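Colleague: Below: one structure in structure tokens.
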Amino acid sequence: AVCNLGSINLSVHVVEGNINDAMLADTLEIAIRMLDNVININFYPTAEARTSNIRHRPVGLGQMGLQDALFK
């Protein structure tokens, strides 16, 4: 099994005390597109891993910096 992971730093998206929804939406769109691209260009140690990853295209996108965003 292969999973392609990334994370978004929420504190970077705080502008004047509020989360900038448009900036966050753009970041999410780019992050998911990049994770999907990684599936195509990644090196796989086995043919089974490559086949599974291409077929199911698993991605996981997390968040970080929530405490910093809340503080801002």
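Colleague: Could you derive backbone 3J(HN,Hα) for the range 39-56 from the dihedral phi with the Karplus parameters 6.51, -1.76 and 1.60 (θ = phi - 60°), listing whole Hz in sequence and x where the residue is Gly or Pro?
Modeller: 4, 6, 9, 5, 8, 10, x, 9, 5, 5, 5, 4, 4, 5, 5, 5, 5, 9
Colleague: Suppose the chain between LYS72 and ILE41 were pulled fully straight at 0.36 nm per residue; how much longer would it get relative to their current alpha carbon spacing?
Modeller: Gain on extension, LYS72 to ILE41, equals 7.4 nm.
Colleague: Still on this structure: I'd like the GluC sites (Glu not before Pro) in the range 1-67 restricted to DSSP loop residues with at most 14 other Cβ atoms within 10 Å, sorted by number.
Modeller: GLU16
Colleague: Averaged per residue, what accessible surface does the chain expose to a 1.4 Å probe, in Å²?
Modeller: About 72 Å² of surface per residue is accessible.
Colleague: Let me ask something else. For the full complex of protein chains and a 1.4 angstrom probe, list LEU24, LEU66 by accessible area with the highest value first.
Modeller: LEU66, LEU24
Colleague: Can you give the charge dipole size of the chain about its Cα centre, rounded to the nearest 20 debye, using +1 on the beta carbon of Lys and Arg and -1 on the beta carbon of Asp and Glu?
Modeller: Charge dipole, the chain, about its Cα centre: 340 debye, nearest 20.
Colleague: Given a cut-off of under 8 Å on Cα pairs at least six residues apart, what relative contact order in percent is computed for the chain?
Modeller: Contact order relative to length: 60 percent.
Colleague: From the list (i) 22, 14, 10; (ii) 26, 12, 11; (iii) 32, 11, 7, can you say which value of semi-axes √(5λ) of the Cα gyration tensor in Å was derived from the structure given?
Modeller: (iii)
Colleague: Taking all protein chains as present, what is the carbon and sulfur share of the accessible area of the range 6-63, in % to the nearest whole number, probe 1.4 Å?
Modeller: Of the solvent-accessible surface of the range 6-63, carbon and sulfur hold 56 percent.
The values are calculated or read from the model by the stated rules, or taken from the named source; none is laboratory data. For clarity, every value in this text was computed on a predicted model and none was experimentally measured. Virtual Cβ from ideal backbone geometry, glycine too; neighbours counted across all protein chains shown. The area values use the complete protein model at the heavy-atom level, side chains included, leaving out ligands, DNA and RNA. Shrake-Rupley method; radii C 1.70, N 1.55, O 1.52, S 1.80 Å.
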